[in-house]
Amino acid sequence: MTSRELPRHYHVWDAWDYRMVVAGCLEGLSDEQVARKVGRTVAAIRDRAEYFIDPDPGSTRSAWSRLREELALDPDYDWEPVVRRHHDAEQLPYWDEAADELLERTWAHAAPVVPAGRWPWNRAKQEPPRHLAQLEEALGIHEFEIFKRLRYKALTTDICEVVERLGAAENGVVAARARILADRHAVTLYMLVVTDESGGVLHTSLHPDLPAAVAAKDSAAAGFAKHPLAVWTISGRSVGDGILGDKPLTGSFEIAATPIVDLDALDFGA
């Protein structure tokens, strides 16, 4: 099985991964079978064994063999506090089911104050939410790692939306990045491009926002009746920043729009 066929390859390690490793060892599975159960490579699970076992300066055996032996001698071995200590030592967040549930519940209940992608400059008129600070305190996880988890869980990709719904420390990295992105949104124009079946450009136009670009695309559709294979693309562009904002959209005039894959939005973990 190649790494491309492993569903957890390159994903961040969370409590589920650790529990599957332990479960596989307790079931007496081979290293290859444990790796398949977790959805990672054999090398990945062997390397991660160091998180399950405290260092033993007098031992020359690998952490993986020591973990195997520990679980064979004591199936109730309390490995999770050890994993948490390693995460704390390396300043890595430890996401378990309870943490994810709190995150998702908080996100669902935090109604946005303003439309997504718009910075609430009139904060003086209302007290900003403190949900992100409360999550930091409850989980012991930095606010930026919380944003990364929201993105990883596909709850949002927009850091401005996080600040609008959850709030953020005024001088923190999340608020700073949101201000930068809000500035970019403010000067973003949306480009509509229509090409024929051979790639020749049939139409280009600039629009102040995405709805205007979509409206222009819809109104122009009749003009391309002679080109049934014409393809349209809408992308947000900002001077000096290339494409940003909403994911670029593309489609034919007969088929619904589909988003272009945004590689920058993918979240790769260890």
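The values are calculated or read from the model by the stated rules, or taken from the named source; none is laboratory data. All of these numbers come straight from a predicted model, not from anything done at the bench. For neighbour counting, all protein chains shown are included, and Cβ atoms are generated from backbone atoms with ideal geometry for every residue, glycine included.
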Candidate set from the stretch 213-233 (those that are farther than 9 Å from L192 by Cβ and hydrophobic (A, V, I, L, M, F, W, C)); member that is surrounded by the most Cβ atoms within 10 Å (Cβ to Cβ): A230
Taking the stretch 4-47 only, how many residues are within 22 Å of A98 (Cα to Cα) and in a helix (DSSP H, G or I)? 10
Among R84, R36, R46, R68, the single one that is among the basic types (K, R), in contact (Cβ under 8 Å) with a residue 40 or more places away in the chain, surrounded by 11 or more Cβ atoms within 10 Å (Cβ to Cβ) and out of contact with any Pro (no Cβ under 9 Å at 6 or more places or on another chain) is R68
Sort through R130, R165, R151 and tell me the only one that's buried (at least 20 other Cβ atoms within 10 Å of the Cβ) and basic (K, R). R165
Would it be correct to say that D54 is farther than 21 Å from R151 by Cα and modelled with pLDDT of 95 or more? no
Which numbered condition in (1) at pLDDT below 95; (2) loosely packed, with under 12 Cβ neighbours inside 10 Å is the only one that R105 fails? (1)
Contact list, first residue from the stretch 13-24 and within 16 Å of H86 (Cα to Cα), second anywhere and among the acidic types (D, E), beta-carbon distance below 6 Å, six or more apart or interchain, is A15/D96
